[in-house]
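Here's the structure, in structure tokens; my notes come after.
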Amino acid sequence: MAQAMRRQTSLFATDGKPHPLQDTLVAVTLVLGVIAFVSAMFHNLHLLSSWTGLVGIITGGYGQFISVTTRERTALIIGLGASAFGFFLGMAHGGLFGGVIG
């Protein structure tokens, strides 16, 4: 009966071990993905959406590279998708430096 009372150390860890770096990357990727996704809906926020999308893609890609559990990978894919959506729409609306340089 002791197995039924096992305590989880992390929301995304199914192996019972702590993964602080992976959990941090999941959280950062999800937050950046939400910011990029929401700001991509506004044409004048293309700098915010493109930069947060780019950073979200980079952190999500590294998180996928070092992730351990399926829950971490699932959350990272959701964040990566939102980041990529925001990045691509931000690029379509003006890009990373649109109007600031050149």
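The values are calculated or read from the model by the stated rules, or taken from the named source; none is laboratory data. What you see is a predicted model, and the numbers here were worked out from it, not measured in a lab. Here the Cβ positions follow ideal geometry from the backbone for every residue, glycine too, while neighbour counts run over all protein chains shown. Each accessible area value is taken on the protein alone, full model and side chains, heavy atoms only, with ligands, DNA and RNA left out. Shrake-Rupley method; radii C 1.70, N 1.55, O 1.52, S 1.80 Å.
Quick notes
- Scanning region 45-71 for residues that are of a type in the set (S, T, N, Q), in a helix (DSSP H, G or I) and touching a helix residue (DSSP H, G or I) at 6+ places or on another chain (Cβ under 8 Å) yields SER49, SER50, THR52, THR59, GLN64.
- Filtered residues of region 75-102 (kept if open to solvent by 40 Å² or more (accessible area, probe 1.4 Å) and within 26 Å of GLY16 (Cβ to Cβ)): ILE77, ILE78
- VAL26 being among the β-branched types (Val, Ile, Thr), in a helix (DSSP H, G or I) and open to solvent by 80 Å² or more (accessible area, probe 1.4 Å): no
- Taking region 45-77 as the range and being touching a Gly at 6+ places or on another chain (Cβ under 7 Å) and among the β-branched types (Val, Ile, Thr) as the test, only THR52 passes.
- When region 34-44 is filtered for residues that are more than 9 Å from PHE87 (Cα to Cα) and either modelled with pLDDT of 95 or more or outside any helix (DSSP H, G or I) (or both), the ones remaining, listed by number, are VAL34, ILE35, VAL38, SER39, MET41, PHE42.
- Considering residues of region 61-74 that are open to solvent by less than 40 Å² (accessible area, probe 1.4 Å) and within 15 Å of PRO20 (Cα to Cα) only, the residue nearest to the chain's Cα centre (by Cα): GLY63
- Considering residues of region 34-51 that are in contact with a Phe, Trp or Tyr (Cβ under 8 Å, 6 or more places away or on another chain) and open to solvent by less than 20 Å² (accessible area, probe 1.4 Å) only, the residue nearest to THR74 (Cα to Cα): ALA36
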